[in-house]
Amino acid sequence: MRNIGKNIRDARLARGLTQQQLAEKLGLTHQALSGYETGRRRASLAQLHLLAEGLEVDIHQLLYGEALPKAVRRSQLKRLLTGSLLYLLLFYSPAMGELFLADWMRRIYGHTFPILSPLRQITQPPALLLLGWTVMQGLYLLDILPPLTLPHPEALRRSAAVLLLAYWVFQILFWATAPHYPEWLAFPRKLLWTLRPPLGALLWLTEKRT
């Protein structure tokens, strides 16, 4: 019975419901339902019966996790695989493209050069966002990461988008002033580079999953 919160969450996700939707359906507050799923609040037997009825499952499924639908795990695994493939595509496709073009460049120009370097600089920021997102999704799938909610998710997502846009602006300035770029430009560029995987994790946390 230790995983009642997880069982409630899994049954809810199997029905394709958000916490807000289920709470409204059952006449509960979002905070109460979130507390049940995270274990911060203990549901009474009457509340568990109410949850089981609203989720259309047997109460034993919530108590012991028996015969819970497998659709949730398949769905979450599909999200993980999709995120991983998109990350590999965005991060490595320019380098692979240059590798395949190497012989052609040697024949035409006598040497190779980074023909796809600008594309790499454009694709790597969203790739690193996907890296952070994919790591969080993997931890969630392995049940290492508990269900989490963050306040003001829309504002956090807008902040992540602004920071990503700021990186591209600094990157353009870096290119425009290279090789004699100002020293002050290097630090914010490097800082925003290292922030991208955490920004991806933030985007995962603010998804309308809970």
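The values are calculated or read from the model by the stated rules, or taken from the named source; none is laboratory data. A quick note: this is a predicted structure, and the numbers were derived from the prediction, not measured. So basically every Cβ, Gly included, is an ideal-geometry build from the backbone, and we count neighbours across all protein chains shown.
Within the bounds of region 49-66, is there any residue that is in a loop (DSSP other than H, G, I, E, B), at pLDDT 80 or above and in contact with a helix residue (DSSP H, G or I) (Cβ under 8 Å, 6 or more places away or on another chain)?
Yes: one or more hits.
Go through (1) outside any helix (DSSP H, G or I); (2) modelled with pLDDT under 85; (3) surrounded by 14 or more Cβ atoms within 10 Å (Cβ to Cβ) one by one and return the number of the condition Arg41 breaks.
(2)
Among (1) in contact with a Lys or Arg (Cβ under 8 Å, 6 or more places away or on another chain); (2) surrounded by 12 or more Cβ atoms within 10 Å (Cβ to Cβ); (3) under 19 Å from Arg12 (Cβ atoms), where does Leu50 come up short?
So the condition that Leu50 fails would be (1).
Among the candidates Ala161, Ala201, Ala127, single out the residue that is closer than 27 Å to Gly35 by Cβ and either at pLDDT 80 or above or not assigned by TED's automatic domain parsing to the domain that holds Arg40 (or both).
Ala201
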